[in-house]
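A.B. asks: One structure follows; several queries about it will come next.
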Amino acid sequence: MSQLTSAWELKSGRIIRNHFVLAPMVNRQSEVDGSVGDNELQWLLRRAQGGFGMIITSATNVLPAGQTWANQLSVHSDKHIVGLTNLALALSEAGSVPILQIFDGGARAPSSLTGEQPRSASVFTLDIPNFEQPRALTLVEIHELITAFVDGAKRAYQAGFAGIEIHSANGYLLNQFISTQTNQREDEFGGSLTNRARLVRMILHSCKQALPADFIIGVRLSPENRGIQAGLDLDEMVQIAKWLAEDGADYIHLSTSDVFKRADKYPDDERTLIDYFQAVLGNTPLLAAGNLQTIEQMERAYQAGVSGVALGRVAIANPDIPLHASEDGYQPLMMPYTREHLESVKVSTNFYEYLLPYPNFIATSDAK
Ligand SMILES: Cc1cc2nc3c(=O)[nH]c(=O)nc-3n(C[C@H](O)[C@H](O)[C@H](O)COP(=O)(O)O)c2cc1C
């Protein structure tokens, strides 16, 4: 019997039926106005029926100006509550703990969608296609942003979600405040690590103040630089994780390319990225995603201290991993996948088209 299938408890007392977590994934299956679409609901419900203990939704924008993809799930208005209620109810009835990931794209929210110049910690330029130089948020706007995150969390609560995840990873707005590459502010939100971490900590603090103690509030972080995302330092990220745990985060969720990767900063150190974070979190659970493809890898991550084994790409094609995990010799289907298979597991055309550029994900015969 796989250890991953045992129930566990969060600090808030919430029981989760197993250690499998659906990683947050943008899937562009929502309505144009950001309301939950039927395809979005069916996609997540199918993974809940497949046994995932915790389901984290795609990144949902808390302000119109933070929208980063067309047909993105949103939580910036009360009009979104009805659809979110249907979603939370469906996932809960299927036995999963539903978590709404809340976010703002910052510099990566294109004007073509938002109708305005992207905003960020500072003015900066990155050498990537279609990059639009952002303007720096004013202090008043930063406080409005904190309120928008809290309002998004309250709507999630009202809709029946068990909790929220504050998305502070992968180069989006909260990560842009932490990164020295994208934050050159000279006020209390820039400069020292204390100042660069202030925004995410204030959002966590304000959400905790506004919501009941058993409402789950997790935070997602990137441990180190990755691709175009620079300006992060491993020791600083470990310190931020420690602060957030001390501040009362219900979990810390690491977004990695490979859960077992060693730190770029210390290549001679045998410890993996998760070891560094594990060492400072005390009784705050660690969730981690990053190239977990086989049951053996998932179990190894669990044994290394990952309480919530978060599955991204593999769960797109294999919604029933948790149900099968304890079967002798069971292995998830490996990439690449055919369109026919993806449709059979509730991946709609919009999501399929979004996945086409992902390397090796779609069978080449289908991609043509
Ligand atoms: C299609 C797709 C969409 C994603 N969208 C999000 C997102 O909305 N929020 C987020 O924090 N990470 C997002 N990610 C990152 C995943 O949550 C996960 O960390 C990453 O895919 C690594 O896990 P994997 O190797 O199991 O796929 C996305 C990844 C994929 C493949």
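A.B. asks: Among the residues of the range 4-20, are any part of a helix (DSSP H, G or I) and over 22 Å from ALA213 (Cβ atoms)?
C.D. replies: Step one: of the range 4-20, the residues part of a helix (DSSP H, G or I) are 4-5.
From what's left, over 22 Å from ALA213 (Cβ atoms): 4-5.
Yes, that holds for at least one residue.
A.B. asks: Right, another one. Please verify whether LEU281 is closer than 21 Å to GLU9 by Cβ and in a loop (DSSP other than H, G, I, E, B), treating the condition exactly as stated. Please lay out each step first, then the result.
C.D. replies: On the way: closer than 21 Å to GLU9 by Cβ: yes; in a loop (DSSP other than H, G, I, E, B): yes.
When the stated conditions are applied, LEU281 passes them.
A.B. asks: Which one of ILE166, ILE128 is of a type in the set (Val, Ile, Thr) and modelled with pLDDT of 95 or more? Lay out the reasoning, then the answer.
C.D. replies: Numbers: ILE128 fails: modelled with pLDDT of 95 or more.
Of ILE166, ILE128, the one residue that is of a type in the set (Val, Ile, Thr) and modelled with pLDDT of 95 or more is ILE166.
A.B. asks: Does the range 227-234 contain any residue that is crowded, with 18+ Cβ neighbours inside 10 Å and modelled with pLDDT under 95?
C.D. replies: Yes: the range 227-234 contains one or more residues that are crowded, with 18+ Cβ neighbours inside 10 Å and modelled with pLDDT under 95.
A.B. asks: Any residue in the range 195-215 that's closer than 24 Å to VAL238 by Cβ: show its pairings with residues that are in a helix (DSSP H, G or I) and basic (Lys, Arg) at Cβ separation under 9 Å, as long as the two are six or more apart or on different chains.
C.D. replies: Cβ pairs passing all conditions: CYS207/LYS154.
A.B. asks: For a quick check of your reading of the model, give me the residue pairs whose first member lies in the range 88-112 and is within 16 Å of the ligand (Cβ to nearest atom) and assigned to a helix (DSSP H, G or I), whose second is of a type in the set (D, E, K, R) and modelled with pLDDT of 95 or more, with beta-carbon atoms closer than 7 Å and at least 6 apart or on different chains.
C.D. replies: Pairs found: GLY106/ARG119.
A.B. asks: Out of everything in the range 272-293 that is touching a helix residue (DSSP H, G or I) at 6+ places or on another chain (Cβ under 7 Å) and within 13 Å of the ligand (Cβ to nearest atom), what residue ends up being nearest to ASP258 (Cα to Cα)? I'd like the intermediate steps shown before the answer.
C.D. replies: Within the range 272-293, the subset touching a helix residue (DSSP H, G or I) at 6+ places or on another chain (Cβ under 7 Å) is 276-277, 280-282, 284, 286, 288, 292-293.
In the following step, the residues that additionally are within 13 Å of the ligand (Cβ to nearest atom) were identified as 288, 292-293.
Numbers: ALA288: 9, LEU292: 7, GLN293: 10 Å.
Top of the filtered list is LEU292.
A.B. asks: Under 6 Å between Cβ atoms, which residue pairs at least 6 apart in sequence (or on different chains) link something in the range 350-362 that is in a strand (DSSP E or B) with a partner that is more than 11 Å from the ligand (Cβ to nearest atom)?
C.D. replies: ILE362/PRO336
A.B. asks: While we're looking at this one, here's another question. Of all the residues that make up the range 24-52, how many are of a type outside the set (Asp, Glu), away from the ligand (no atom under 16 Å from the Cβ) and part of a loop (DSSP other than H, G, I, E, B)?
C.D. replies: So the first thing to find is which residues in the range 24-52 are of a type outside the set (Asp, Glu), and the list is 24-30, 32, 34-37, 39, 41-52.
Subsequent filtering for residues that are away from the ligand (no atom under 16 Å from the Cβ) retains 32, 35, 41-42, 45, 48-49, 51.
Add one more test, that the residue is part of a loop (DSSP other than H, G, I, E, B), and what stays is 32, 35, 51.
Number of matching residues: 3.
A.B. asks: Going by the conditions given, is GLU141 buried (at least 17 other Cβ atoms within 10 Å of the Cβ), among the acidic types (Asp, Glu) and in contact with a strand residue (DSSP E or B) (Cβ under 8 Å, 6 or more places away or on another chain)?
C.D. replies: On the way: buried (at least 17 other Cβ atoms within 10 Å of the Cβ): no; among the acidic types (Asp, Glu): yes; in contact with a strand residue (DSSP E or B) (Cβ under 8 Å, 6 or more places away or on another chain): yes.
It is false that GLU141 is buried (at least 17 other Cβ atoms within 10 Å of the Cβ), among the acidic types (Asp, Glu) and in contact with a strand residue (DSSP E or B) (Cβ under 8 Å, 6 or more places away or on another chain).
A.B. asks: Does the range 174-187 contain at least one residue that is under 19 Å from the mean Cα position of the chain (by Cα), under 29 Å from ASN86 (Cα atoms) and within 15 Å of the ligand (Cβ to nearest atom)? Lay out the reasoning, then the answer.
C.D. replies: Step one: list which residues in the range 174-187 are under 19 Å from the mean Cα position of the chain (by Cα), which gives 174-179.
If we keep only those that are under 29 Å from ASN86 (Cα atoms) as well, we get 174.
Remaining after also requiring within 15 Å of the ligand (Cβ to nearest atom): 174.
Yes, the range 174-187 contains a residue that is under 19 Å from the mean Cα position of the chain (by Cα), under 29 Å from ASN86 (Cα atoms) and within 15 Å of the ligand (Cβ to nearest atom).
The values are calculated or read from the model by the stated rules, or taken from the named source; none is laboratory data. Values in this document were obtained by computation on a predicted structure and should not be read as measured data. Note that each Cβ is placed from the backbone with ideal geometry, even for glycine, and that neighbours are counted across all protein chains shown.
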